[in-house]
Every structure is written in C-alpha cells, then in structure tokens.
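Read through the structure below, which is laid out as structure tokens, and then see the notes.
Values in this text are rule-based calculations from the coordinates and carry no lab data. Please read all numbers here as calculations on a predicted model, not as lab measurements. Here the Cβ positions follow ideal geometry from the backbone for every residue, glycine too, while neighbour counts run over all protein chains shown.
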Amino acid sequence: MHSESQRSRVEPFHVMDVFAAAAERARTHGDVLSLAAGQPSTRAPEPVLRATRDALDAHLLGYTETLGILPLRQAIAEYHSERYGITVDADDVVVTTGSSGAFTLLFLAAFDVGDTVVMARPGYPAYRNTLASLGCRVVELDTLAGTRFQPTVAMLEQLPEPPAGLIIASPANPTGTIIDADELAAIARWCDEHGTLLISDEIYHGISYGAHTSSAWETSKESVAIGSVSKYFSMTGWRLGWMLLPSRLRRAVERLASNMTVCPPAISQVAAIAAFTEQSRTELDSHVRRYAVNRQILLDGLPAMGITDLAPADGAFYVYADIAHLTDDSRAWCAQVLARTGVALAPGVDFDTVRGHTTVRFSFAGTTADVEAALTRLRGFTTY
C-alpha cells in the first residue's frame, strides 16, 4: 500500500485542534468563549447579503473567467487606487479562492524546488508549511520586540545571499504589528535590486488603531500584494482573495489556476462587488471601532493579571503575549484554560518555531461582552 507523500508531512495548524476541543466543550458544557478564532464574529455586510440573494435569482453562477470576473477586478482595482493613491488597473488583479489560494498559486508560479523564501518569526504558519510542502527552503528571520516583530533591510543584508522570495505581513498575524512605511519602501527597493520577489500580505488592511498601513505596490509593482475579503470585510467563509500581480507572473498563475481551481467561487465573486460600496464600508468601519474597544480591554486587563509582555497591537485583532512565567508548554496551558474556564486561546507553537511554547495569541474579534467575560474567567484561572 502506497504511503503518504513526503510533502504532506508538514506541521498541522494546531489552532484547529483548539477549535475542535472548543466545539466539544460547547457540546458538553455550552459555555465556550473563544479568543482563539482569527475571524470576525459578524456576518457579511448587508449590501453583500442583498447582492447574494439577487444573484441566486438572476445569475447562472457557473464557471467564470479563471482570473475573476471583470466587475470584481475593477472594484478591487478602484479600492486600491483610492486607498493608496496609486494607479491599479483591473488587469493587475487576480481573484483567487481565498488568500490561501493566492499564496499557493503564487508559490507554484514563482518558486522552484530548493528555492529559499524568507519570512518573519513569529509569523503565520501556513506560509512556512505550504512552502515546505512545495519543496522550498524556508528561512525564518528572528524578529523580536526590538524591530517590533517585523523584518528590516539590515536583517536582509545579513543573509548569505539574496533569497528567491520574502514574505512580509502588515498588520501581522499573530503580533498585530504594522511595518513602518519607510521600512516597507526600503525593503521593496532592496528586493527589486536583489532579484527577490516581495510578497506583501495585506489581508488585515482596514483594521488598524492609529497606525498607517502602506501597500508594497506604493513602491514597487514588481512585488505582489495579497488581499482578501475575510478580515476587514467580514467574509471569511466566502473564500475569496486576490493578488496585485506583476505582469510577468500573470500567465503562469493563470495556467496553474485554470487547472487547479478553474475559477474562484462564482457567487462569492458576484456578491463581493458590493463589499466595496460606501454603505458596506460604513458598516465594516463600525466593526473596527468595536475591535478598538476590545483591544483596549485586553491591553488593560492582561497586565492587571500579570501578563505584561505584549506585542504592540497596531492592527488586526490580536494581542500576542509571552507567558513564560506561567508555562513552558503553551499547548498544554491553553488546553487547561479551556478545560477549567471554557475560554479558548491559540497557543504560540503555530506561530513561532522557537519561542512558541511560551507564547499565546488572544483574539479580540468577538463581542465586547465576550471579551470582558473571558477576562473575568482568565483572572480566576491565573490565581489558581
């Protein structure tokens, strides 16, 4: 009997184990409060829901163009042009099955087996694990508090040779930090000068708390900017993402996508056009104001219970904390928290291959009442 492939032997996304345990706890106790989920607790904007109902009645919803329907690509291009003050055309936009689909297609189109791709540590584990499954060599930059958990040109200069690719995320998961605009521009220029493909994960743009978010395309259109309707737009399960892609990579991505997915989900494409309207943006900005309240509750409440070593939560909806004074096994600690209190948290082992056993990620994407209640329960747990 044929065994599993070598490429499949990557680390799982451990937070999914937390989700499964939380679902079982909800079934048996009915008391789960989740600070683990990396997704909004709100549904899609009302204009999107109306457009979905209309689409069910009026559209065939069959296969679409592989790179996405033109009206959606136009809406995404206009969104970027307006937000960043740059010229983006519909032809620059490739619509994908979630940002996860964008990363997979891009990695396949841009990198060969053995190519080196650099990312930050801590960072989103699916970058590392997907690249590894495709035979790439992943190098992690140790980004600590001194660089606000973001890579720098100085770090790139210390590499033995320029890598094939560099992934940055701003706002980042799990730290929530935003890379300084000047540093991002300097990194983009460095990548262009050294033949390194810069991949800028911008899926949390729109969710920030005073800090400015820049796009890599403001400096270099040889980079790739990746977006999604999942986070700010509150549409995780609709599985729709996009890339702003250099022309030299478009045909390669199209060839791969036409074979691997044919096209992104048709109904999500038709409905998502309405996500970029003023009415939707007004509704979505109200969610960001709630996130800001929840963020402050955690930034005040965690230090009050002795959890003081926190990453700067500039954006997204996470607070990333060092809990070395509480445990040296974050997975076991999070399991104990769930078992004793019903509060679900994400252990840091997903995000940091070196220090993750003493870190944890708190999500504040839920309701304010849930965040407050979760803190109350955690306060009791940490005093055991």
- Item | Among 301-308, 15-22, 230-237, the order from most to least packed when residues are scored by Cβ within 10 Å on average | 230-237, 15-22, 301-308
- Note on the structure: CD proxy, 222 nm, the chain: helix-only mean residue ellipticity via -39,500 (n - 2.57) per DSSP H run with n ≥ 4, per residue, nearest 500, stands at -13000 deg cm²/dmol
- Message: Using alpha carbons only, how many angstrom separate the centre of region 144-218 from the centre of region 1-43?
- Response: 29 Å
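If you take the square roots of the eigenvalues of the alpha-carbon gyration tensor of region 1-115 and sort them as a ≥ b ≥ c, do you get rounded (a/c under 1.5), prolate (a/b over b/c) or oblate? Please report the intermediate quantities before stating the final value.
Values: a/c = 1.91, a/b = 1.22, b/c = 1.56.
Oblate shape, in that a/c is at least 1.5 and b/c is the bigger or equal ratio.
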- Which one of THR341, PRO122, TYR79 has its Cα pushed farthest toward the positive end of the charge dipole of the chain, where Lys and Arg give +1 and Asp and Glu give -1 at the Cβ? THR341
- Using a simple charge model, +1 on the beta-carbon of Lys and Arg, -1 on the beta-carbon of Asp and Glu, nothing else, what dipole does the chain show about its Cα centre, in debye to the nearest 20? 940 debye
- May I ask for the distance between the Cα centers of region 298-326 and region 338-384, given as a whole number of Å? 10 Å
- Do any trypsin sites (Lys or Arg not before Pro) in region 3-88 lie in a DSSP loop with no more than 16 other beta carbon atoms within 10 Å, and if so, which? ARG9, ARG43
